[in-house]
Structure formats: structure tokens, C-alpha cells
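First the structure, in the form of C-alpha cells, and then the observations on it.
FYI, it's all coordinate maths here, none of it is from the lab. Keep in mind the model is a prediction, meaning the values are calculated, not measured. As a convention, Cβ positions derive from the backbone with ideal geometry for all residues, glycine included, and neighbour counts pool all protein chains shown.
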Amino acid sequence: MVFLSRHDKGHRLSPTDINYRANIDVLKRAGVTDLVSLSACGSYKQELPPGTFVLVDQFVDRTFNRQTSFFGTGCVAHVSMAHPVSPLLQDRIAAAAAREGIKMVRGGTYVCMEGPQFSTYAESMTYKGLGYSVIGMTNLPEAKLAREAELCYATVAMVTDFDCWHPDHDAVTVQDIIAVLSANADKAKALVARLARDFPREHEPCPIGSDRALDTALITAPEARDKKLLKKLDAVAGRVLKAKR
């Protein structure tokens, strides 16, 4: 088991300032195969009140100031993001929650905004009208990078507020969020501990191929690939780069 705090100790980093590529790269180097994201978020649905845990299965990317790929000039790759969450990993999380008596809602769309400011009322109403379930600031490009690194990925979205669309919650404050986060802390710890106890020792093949995402993703001809970039990709894409040399 490996734990990594996105925002650093003491919450020093804003969502934009997090080095998502470094985080995923170091997890891959540490031997991680399955990545469970624990994330605070706002809710767009009355039936998902603060304190609810949601296993989202889709993402919408509204970020604009982040490095979103390990690949680029010198080595281009296109991975599929049609199904960004590994269903088998979700099954494991749901089972752990059930055994600990933690209520968890499965399914929903997470829209990721840039931040660090919270939504305007117009944005909140737009996303609610589009049928999204929750909003956060950290799961993208994290989910995309996890797919490029062939890690199975799943999110436990912990609802802390109703964003600003709700007539009884017209302003989101850090104090309110921290209060709910603190209340959720024991549940989150119990969930992770149970998941760790029950998780299989050997990696289970992903039914949607998350762990083989690069098999057909590389498009740059071997002779045209940039050697400096390839060196940086030794952990993320080493499996396929070695096989195709």
C-alpha cells in the first residue's frame, strides 16, 4: 500500500499547482497497479447530500492550466478514455464499503474545474442542468495520466457541500468543507483499511484493459521517437517501449 497526499503535507499546493505527472510517475515506479482517489467534491443532486460517498464512473474536463499527458512531441500516444474507471476496482471498493457499513452511491459524472476559486452561480446551474453529479478540482488530469501509466483507477468522491446552486447553500466556505471532511475522516479510514485487508495480493487483469492501455496507443514511428522523452517514459511506458524496440 502506498499513500500520497496530492496537496502535500499541510495542504501547501493548490489544485492547479499539483504536479500530477510526477505523482503518477512515482506511484508507477513504486509498483502501484491500482489507484484509488479519495476526493472532496460538491454535489449537484439533492439525493447526494454532504457526507455521501460516490463512486463516479465518468469525468468531464474543464481544466485549462495543467499538463495533461506524459506524451508529446517526439512520442505521441492516444489512449482510450471512453471508460475512465476500472469496474473491477470499483467492485472492490464497493464491497469494502458494504462490509464496513458505509453507504456508497455507485455511478455518476464528476466535472473537474480549474479552481482554486469555487463556482459562480451561473456555472453551478449550468453543470447541474447538464446532469453532472459532483464537481471537484483534482481528478483531472489525474485519471488521464493514470490511464497512460496503465494504472487501474477509481474515485471515491466525498461530498462536502451542495456547491452554490442549492437555495440553502448559496455560498461554499472552506470552514464548511473542513467540518464535513472531518466527519467523513473515520469512514474514509475504515474504508481504506478494509480495502487494504481484502485486496488480492496479485493484480487482477482489468476487464476494460486499463492495465494494457498502451498496447495500441503509440503512433510515433520508433525511428522518429525522441530519446530524451523516451528516457522519462521508462516507468510509465517501459512495458511497451521495450517490447517494440
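Listing for the model above:
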{"item": "Segment residue 224-residue 62, extension gain: residue separation times 0.36 nm, minus the distance between their alpha carbons", "result": "55.1 nm"}
{"item": "Radius 14 Å from Cβ of residue 211, net charge of other residues (Lys, Arg +1; Asp, Glu -1)", "result": "-2"}
{"item": "Distance in nm between pseudo-label sites at residue 30 and residue 168 (7 Å out along the Cβ direction from Cα)", "result": "4.0"}
{"item": "Förster radius 25 Å - calculated FRET efficiency between residue 95 and residue 2 (Cβ-Cβ, nearest 0.05)", "result": "0.75"}
{"item": "Total lysine pairs whose alpha carbons fall under 18 Å of each other in the chain (8 or more apart, or interchain)", "result": "18"}
{"item": "Global geometry of the range 83-158, whether rounded, prolate or oblate, following the gyration tensor of its Cα atoms and the 1.5 cut on a/c", "result": "oblate"}
